[in-house]
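Below you'll find the structure, written out as structure tokens, and then a few comments.
The values are calculated or read from the model by the stated rules, or taken from the named source; none is laboratory data. Just so we're clear, the structure is a prediction, and the values are computed from it rather than from any experiment. With ideal geometry, Cβ positions are generated from the backbone for all residues, glycine too; neighbour counts draw on all protein chains shown. Surface areas here come from the heavy atoms of the whole protein model, side chains and all, with no ligands, DNA or RNA. Shrake-Rupley method; radii C 1.70, N 1.55, O 1.52, S 1.80 Å.
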Amino acid sequence: MEAFTTYSGRAVPLRRSNVDTDQIIPAVWLKQVSRTGFDKGLFSAWREDPEFVLNQPQYEGAGVLVAGPDFGTGSSREHAVWALQQYGFRVVIAPRFGDIFRNNSTKMGLLPVVLTGEQVEELQTAVEKDPALEVTVDLEKREVRWDGRTAAFEIDDYTRWRLLEGLDDIGLTLRHADAINDYEAGRTPWLPVTL
Amino acid sequence: MQVGQTGTAGRTGAPRATQRATKHATIKDEVGAMGRTLAEKVYDAHVVRRAEGEPDLLYIDLHLVHEVTSPQAFDGLRMAGRPVRRPDLTIATEDHNVPTTDLLKPIADPVSRTQVETLRKNCSDFGVRLHPMGDDGQGIVHVIGPQLGLTQPGMTVVCGDSHTSTHGAFGALAFGIGTSEVEHVLATQTLPQIKPKTMAVTVDGALPDGVTAKDLILAIIAEIGTGGGQGHIVEYRGEAVRSLSMEGRMTVCNMSIEAGARAGMIAPDETTFEYLKGRPHAPRGADWDAAVEYWTSLRTDDDAVFDKEVVIDAAELTPFVTWGTNPGQGLPLGDSVPDPASFDDPVQRQSAERALEYMGLSAGTPLRDIAVDTVFVGSCTNGRIEDLRAVAGVLEGRRVADGVRMLVVPGSMRVKKQAEEEGLDAVISASGAEWREAGCSMCLAMNPDKLTPGERSASTSNRNFEGRQGPGGRTHLVSPAVAAATAVTGRLTAPADL
């Protein structure tokens, strides 16, 4: 996983709520068996509209997406995270996230940041006023900074540490192989098997 | 330690849809005598390792795999040189991409074909049992688990699919995961988890005639919102839930994710045991007795505390349909398309404005006046035998309206076979509807079954998102009974209207 410490750069305001993962990456893109090439699928239906915010040149190269509540609801497709990352996003800021999307993001090193609805609105307005505005997302200090403003966000210590170090879960879990063996030895014998 | 809003489990005489949450916080785990919820009991029984400041490591009893969210996970194993730790706790099926016609021919779409062939190779290389197209065990992943008796009370079940919540109908803790987590479970048979909060949705009283499990869950989602269950495991309780069949319970738990909850659960009871007994993977003999004894203990203790509670009065429910582009945008069929200006919350107002524009609807139009082009019956929400019986019951002696196409897609090959043995296919075909092979089909349009831009459907599936059933398609979520009645009139209709 890609480590995340601090990102400073431009942001894009996405003034929509309930941005489900079908919008982030429509199902037709899920047929690929590789992990690459999903940037073209990001918001592919919405990008057909020339007015869509990602088509506006002033937001080109932004690394922070600032969206309305309930971002990443719906399908568990991790392709949504891959698409956002491959397009160039490092952070998504929203008042609420779908649980599975948020989880998938932290496995991949895309930082989901929860701010209040008012803070998100304020940040979106600031970015619309000045698309070149520098937004800093600081995971060490757990804060977002822009234009003299500082907004603190919460993230649990363990996830923060994993993101800062860029650690994958599987390697961490396999350190506890003995505990897994012990648990398995005590499992109820009538539990079903598939083979 | 968990600090949160609390409410007590034992309650009486509550009004409809009361958001019950007291303000004072309770520290649950420090009160040793306090009872536990069903979700907590199942969760606690699967903790492999617990350490201060780290997520719990949770053991997974059953891992369901399909072709869409697994190829990159198997690739990850290959790159790291890791095996599948417990292929005997893993099962795979082909469902999302499969065509629902011409099963004996190769899949026409080369990209879909490659994905299905990749799953076959991965299952063969790693020793995972696969139910491929054409196999009588094939079907939608959430239909075949229960059908085979693999889903049992008290288990942990995961799948790279958000509708894994379906299996919670058995009192299992079942939730959807992403591909990184699929790889993690394949490699370790565990998942790091932070213990979720618990939420009770209690449905008091009996469902009125003509009101189904689908109407109930659509009404629940409209009540608590698409984010209402975030961070929680929902337990569905109360008389109306207890009265549901296993298939109805699966429909309810299936759509928990549409209310934001990763998992929904219903405590196992005689209905559950009756469904499971004799299924291929269910315990037998003395094992069965031991299992039932354990399963009977899987209920929320009377003194357990939920972090959040919602109470709904079943008597007030009617057939329910969606008008918008998220599953929370639903109303009773007797209502009209809402005026966006009627929403106080600016976010909801803006969402409604956008939804009406996308859906091509005007505020004030009676929902019963909305004409559809296509009716889809199927999916992990409503593709089981009882759903098909409900559809055939309405279609018997009637015709699908001119200009309306109706697809009926069984959830699995066994459901299809059973329906054919009961003669349901003959009734459905005689009405003018198309009787298809098993798969996810038009629920998410990864196979050739899809809407064209602007086409409008009444669908028994779970998501009315923009473009979900095909780019530009417009979806109204409905129950199987409403779907069938709608096919007959060509407008959103309940069977009682016919």
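Quick look at the numbers
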item	result
Residue within region B:107-124 that is facing another protein chain (nearest Cβ under 10 Å) and in contact with a Ser or Thr (Cβ under 6 Å, 6 or more places away or on another chain) present	no
Condition check for A:Leu133: more than 13 Å from chain B (Cβ to nearest Cβ), within 23 Å of B:Gly160 (Cα to Cα) and either in contact (Cβ under 8 Å) with a residue 12 or more places away in the chain or in contact with a strand residue (DSSP E or B) (Cβ under 8 Å, 6 or more places away or on another chain) (or both)	no
Matching option when the condition is under 30 Å from B:Ala187 (Cα atoms) and more than 10 Å from chain B (Cβ to nearest Cβ), among A:Val114, A:Val144, A:Val91	A:Val91
Leading residue by the ranking (farthest from the other protein chains (Cβ to nearest Cβ)) among those in region B:188-206 that are surrounded by fewer than 21 Cβ atoms within 10 Å (Cβ to Cβ) and in a loop (DSSP other than H, G, I, E, B)	B:Ala206
Residues (open to solvent by 10 Å² or more (accessible area, probe 1.4 Å) and of a type in the set (S, T, N, Q)) located in region A:49-106	A:Asn55, A:Gln56, A:Gln58, A:Thr73, A:Ser75, A:Gln85, A:Gln86, A:Asn103, A:Thr106
Every residue from region B:287-302 that is open to solvent by 80 Å² or more (accessible area, probe 1.4 Å) and part of a loop (DSSP other than H, G, I, E, B)	B:Arg299, B:Asp302
Condition check for B:Gly472: among the small types (Gly, Ala, Ser), assigned to a loop (DSSP other than H, G, I, E, B) and open to solvent by 10 Å² or more (accessible area, probe 1.4 Å)	yes
Every residue from region A:1-21 that is facing another protein chain (nearest Cβ under 10 Å) and open to solvent by 10 Å² or more (accessible area, probe 1.4 Å)	A:Met1, A:Arg15, A:Arg16, A:Ser17, A:Asn18
For B:Tyr275: the one exception among (1) within 24 Å of B:Gly411 (Cα to Cα); (2) assigned to a helix (DSSP H, G or I); (3) open to solvent by less than 20 Å² (accessible area, probe 1.4 Å)	(3)
Residue within region B:382-395 that is touching a His at 6+ places or on another chain (Cβ under 8 Å) and either surrounded by 20 or more Cβ atoms within 10 Å (Cβ to Cβ) or in the same structural domain as B:Gly467 (by TED's automatic domain parsing) (or both) present	no
Cβ-Cβ under 9 Å pairs, at least 6 apart or on other chains, region B:218-236 side crowded, with 24+ Cβ neighbours inside 10 Å, far side basic (Lys, Arg) and part of a helix (DSSP H, G or I)	B:Tyr236/B:Arg249
Which numbered condition B:Val347 fails, given (1) open to solvent by 20 Å² or more (accessible area, probe 1.4 Å); (2) hydrophobic (A, V, I, L, M, F, W, C); (3) not in a helix (DSSP H, G or I)	(3)
Which listed residue, of B:Arg463, B:Arg456, is open to solvent by 10 Å² or more (accessible area, probe 1.4 Å), in contact with a strand residue (DSSP E or B) (Cβ under 8 Å, 6 or more places away or on another chain), modelled with pLDDT of 95 or more and over 18 Å from B:Leu424 (Cα atoms)	B:Arg456
Hey, B:Ala291 out of contact with any strand residue (DSSP E or B) (no Cβ under 9 Å at 6 or more places or on another chain), within 14 Å of chain A (Cβ to nearest Cβ) and closer than 21 Å to B:Thr166 by Cβ or not	yes
Search result, residues across region A:156-191 that are crowded, with 17+ Cβ neighbours inside 10 Å, over 21 Å from B:Ala80 (Cα atoms) and either touching a Gly at 6+ places or on another chain (Cβ under 7 Å) or more than 10 Å from every other protein chain (Cβ to nearest Cβ) (or both)	A:Arg160
Condition met for B:Pro268 (open to solvent by less than 20 Å² (accessible area, probe 1.4 Å) and out of contact with any Lys or Arg (no Cβ under 9 Å at 6 or more places or on another chain))	no
Those residues of region B:77-106 which are open to solvent by 20 Å² or more (accessible area, probe 1.4 Å), aliphatic (A, V, I, L, M) and within 11 Å of chain A (Cβ to nearest Cβ), in sequence order	B:Met79, B:Ala80
Among (1) under 24 Å from A:Asp156 (Cα atoms); (2) open to solvent by 10 Å² or more (accessible area, probe 1.4 Å), the one test that B:Val182 misses	(2)
Test: residue in region B:156-171 that is modelled with pLDDT of 95 or more, over 29 Å from A:Gly72 (Cα atoms), crowded, with 22+ Cβ neighbours inside 10 Å and more than 9 Å from chain A (Cβ to nearest Cβ)	no
Tally of residues being surrounded by 12 or more Cβ atoms within 10 Å (Cβ to Cβ) and in a loop (DSSP other than H, G, I, E, B) across region A:33-48	8
Boolean, B:His167 is in contact with a strand residue (DSSP E or B) (Cβ under 6 Å, 6 or more places away or on another chain) and either within 20 Å of B:Leu298 (Cα to Cα) or without any contact (Cβ under 8 Å) to a residue 24 or more places away in the chain (or both)	yes
Candidate set: region B:352-379, residues that are open to solvent by less than 10 Å² (accessible area, probe 1.4 Å) and assigned to a helix (DSSP H, G or I); chosen: the one farthest from B:Ser459 (Cα to Cα)	B:Ala352
Of all residues in region B:125-143 being at negative phi and touching a Leu at 6+ places or on another chain (Cβ under 8 Å), the one that is most open to solvent (accessible area, probe 1.4 Å)	B:Arg129
